[in-house]
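Presented below is the structure to which this report refers.
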Amino acid sequence: MRTHIKTAKREFFTFSGSSVFVSSSIVVLYPCILCLGIVESINNNVLSIKEYYFISPFTAQILKEKGSSDELVNIIYLLCELENVERIVPSKLESSLEDAKDKLIKYLDSMPEIQLPKEYWIKFN
């Protein structure tokens, strides 16, 4: 059974007696790093556009519901459109990937420094 308790700037998830601390900054940081890795993987032909199903409009919706900035949500939507760019205007794919990468790096650079809690991330009761 999963329960969710939200406090100011912190969220705790409880799974069958174990508590997991999640900082709201980390909730935003992980998708940014994931997206940056996906963009780099596509640029280096490790992944194809069709294989990056990790990022979807659903991802953007969840981040928006969790209070992420409009800037990050828009970057996620931009990434969702890459398959259409590849299909409709393939000559623009490389510049679209670079644009997405630049926006992600700018967004990551603008984030405040994350202060990790002194508590353990997972507490067993």
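The values are calculated or read from the model by the stated rules, or taken from the named source; none is laboratory data. Given the structure is predicted, the values throughout are model-derived calculations rather than measurements. Every residue, glycine among them, receives a Cβ derived from its backbone with ideal geometry; neighbour counts consider all protein chains shown.
Looking across 53, 107, one residue alone is of a type in the set (Phe, Trp, Tyr) and modelled with pLDDT of 90 or more. It is 107. Residue-level check: of (1) under 23 Å from residue 106 (Cβ atoms); (2) surrounded by fewer than 16 Cβ atoms within 10 Å (Cβ to Cβ); (3) at pLDDT 85 or above, residue 58 misses just (1).
Quick check: anything in the stretch 40-50 under 13 Å from the mean Cα position of the chain (by Cα) and surrounded by 15 or more Cβ atoms within 10 Å (Cβ to Cβ)?
Keep residues of the stretch 40-50 that are under 13 Å from the mean Cα position of the chain (by Cα), which gives none.
No: the stretch 40-50 contains no residue that is under 13 Å from the mean Cα position of the chain (by Cα) and surrounded by 15 or more Cβ atoms within 10 Å (Cβ to Cβ).
Taking interchain pairs and intrachain pairs at least six residues apart, which have beta carbon atoms under 9 angstrom, with the first residue in the stretch 85-105 and over 15 Å from residue 50 (Cα atoms) and the second of a type in the set (Phe, Trp, Tyr)? Going by the 9 Å Cβ cut-off, there are no qualifying pairs. So how many residues does the stretch 74-92 have that are more than 16 Å from residue 36 (Cβ to Cβ), surrounded by 14 or more Cβ atoms within 10 Å (Cβ to Cβ) and of a type in the set (A, V, I, L, M, F, W, C)? The total comes to 1.
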